[in-house]
Every structure is written in C-alpha cells, then in structure tokens.
Amino acid sequence: MKKPAQILLSTLFIFTVYACLSDTYAQSRQRWSLGPRAGLNLSNFRGDVQNNKFLPGFYAGLGAMYSDDSRFGFSIDALYSQRGARFDIPGNQPVKADIRVNYIEVPVLARYFLTDEGSFRPNIFVGPSVALLTGAKTISKSGPNNATTDSKEFYRPAELGLAAGFQLNFRAGDRQRLTVDARYTLGLTDITQDATEVRNSTISVGLGYSFGIGRQYRRGDRKIPVRVR
C-alpha cells in the first residue's frame with residue numbers, strides 16, 4: 001500500500017501534467033469562485049514560554065476568491081481553526097500538557113498569480129488574519145492520571161496575525177478548481193489575559209475546491225455590462 005505522501009505527490013503530478021497540456025478552457029476566465037477549505041495546522045506559542053512543542057490540529061471552512069487579467073486578486077476565508085501548543089514539563093513526576101486554543105479565523109489575502117490564465121494558476125499571497133476566540137482547554141497527563149480543564153478565561157477574545165504562503169491552483173472541471181496551499185500565520189498580538197507575552201505561530205497545509213460563480217469573461221474583457229432602463 002502506498003504511503004499518504006506518495007499518494008499526494010502522485011495526485012499533484014497528474015494534475016500538473018493535465019494543467020500543462022490542456023487548453024480546452026483557455027479562452028475564458030472565471031473571476032469569482034467559492035468553495036470549501038480544509039487542512040492541517042501545526043501550531044506553537046512564541047514569547048514567554050518554555051518546553052513547548054508544535055501541536056497538530058485542523059482547520060475547515062469556506063473561502064471566496066477574485067482574480068482578473070492583471071494577475072492580481074484577493075481572497076477571504078471564514079475558518080474554524082485549532083491552535084495551541086504541547087508542553088513537556090520535567091520533574092519527579094513529568095507532566096505532558098496540550099493547550100488547545102480554538103478560533104474562527106478570517107484571513108484577507110492579496111494574491112499574485114504567476115500565470116495570466118489557463119488550467120494551472122499558481123499564486124503567492126500575503127495579508128492580515130483576524131481570529132476570534134471560540135474556546136480553550138488544557139489536557140494534562142501525569143503518569144496514569146489525565147485531566148481536562150476549561151481555560152478560555154485565560155485568553156483574549158481576539159487576535160491579529162499576518163499570513164503568507166503559496167497556492168497551487170488546478171482546473172478540475174468546467175468552472176471548478178482544486179487548490180493546494182501552504183501558509184505561515186504569525187501572531188502579532190498577545191493572546192493571554194495575564195502579564196506574560198504569548199503569541200500564536202501556525203503552519204498550515206490544506207486543500208480546497210472552488211466553484212465558479214457569476215459571469216465568465218474572455219481575456220481582455222474588463223467591462224461589466226450595464227443595463228439601460
């Protein structure tokens with residue numbers, strides 16, 4: 001049985017070959033698209049913390065994207081995002097603790113597409129990300145003993161971050177796109193209520209599937225039709 005990494009690489013290779021050879025839909029452009037997003041988060045804390053490691057989590061939600069003939073575009077997502085950190089605390093009785101801090105994340109990203117049009121449109125992106133706290137809990141393990149506590153009161157209700165990364169964008173059908181992206185989100189504000197300075201640091205890898213909405217445009221067609229009454 002193939003490993004997941006081999007399956008992913010094989011899938012990306014097939015889509016890349018298809019994108020480079022196909023020109024069936026090259027004459028038209030879908031400017032607006034909307035669809036689901038989901039993926040893996042590897043998060044950690046930065047600042048006044050020690051003995052911390054990356055904690056895996058996930059994100060999922062919806063995203064919308066706009067692009068035109070200029071190669072520039074933008075996107076906005078609404079995502080449920082698990083963040084936090086894992087701690088190994090040494091001692092006579094070592095303690096392992098997972099601190100899970102969950103958010104509704106709204107990244108607003110400016111994008112630059114590396115190709116004008118076609119079936120394969122990779123792009124790079126950067127922009128602010130606002131995260132609204134939905135909950136937090138601490139799961140501690142010491143020997144055979146496990147404990148889970150609600151820790152939402154220790155965290156601020158919102159966080160501001162800066163996200164940047166790249167995306168592979170493949171045509172998957174008429175007015176449909178498969179996306180694969182990787183991003184890093186740097187927390188810019190303190191997430192805790194106490195005197196310590198702690199910020200989020202998150203690496204994300206995910207998939208998306210977008211459906212074109214609205215009118216299709218031919219290359220160079222920048223005018224929006226106006227109905228005269």
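Taken together, the values in this text are just the output of simple stated rules run on the coordinates, not laboratory data. All values reported here derive from a predicted model rather than from experimental measurement. FYI the Cβ positions are ideal-geometry reconstructions off the backbone, even for glycines, and counts take in every protein chain you see.
Rg(Cα) of the range 71-229 divided by 2.2 N^0.38 Å?
Dividing the Cα radius of gyration by 2.2 N^0.38 Å gives 1.40.
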Handout entry: Computed label-point distance, nm, for sites Leu62 and Ile203 using a 7 Å Cα→Cβ extension
Key = 3.2 nm
Practice task
Show which aspartates and glutamates lie in cross-link reach of Lys53 when reach means a straight Cα distance below 18 angstrom and same-chain residues fewer than eight apart are skipped.
Solution key: Asp88, Asp98, Glu197
Exercise for the section: At 7 Å along the Cα-to-beta-carbon direction for both Ala78 and Leu40, put a label point, then send me their distance in nm to one decimal. Expected result: 2.8 nm
Exercise for the section: Report the extension gain between Asn51 and Leu188 in nm, rounded to one decimal, defined as 0.36 nm multiplied by the number of residues separating them, less their alpha carbon distance. Expected result: 47.2 nm
Problem - Fully extended contour minus Cα-Cα distance, from Arg156 to Phe211, at 0.36 nm per residue - result: 16.2 nm
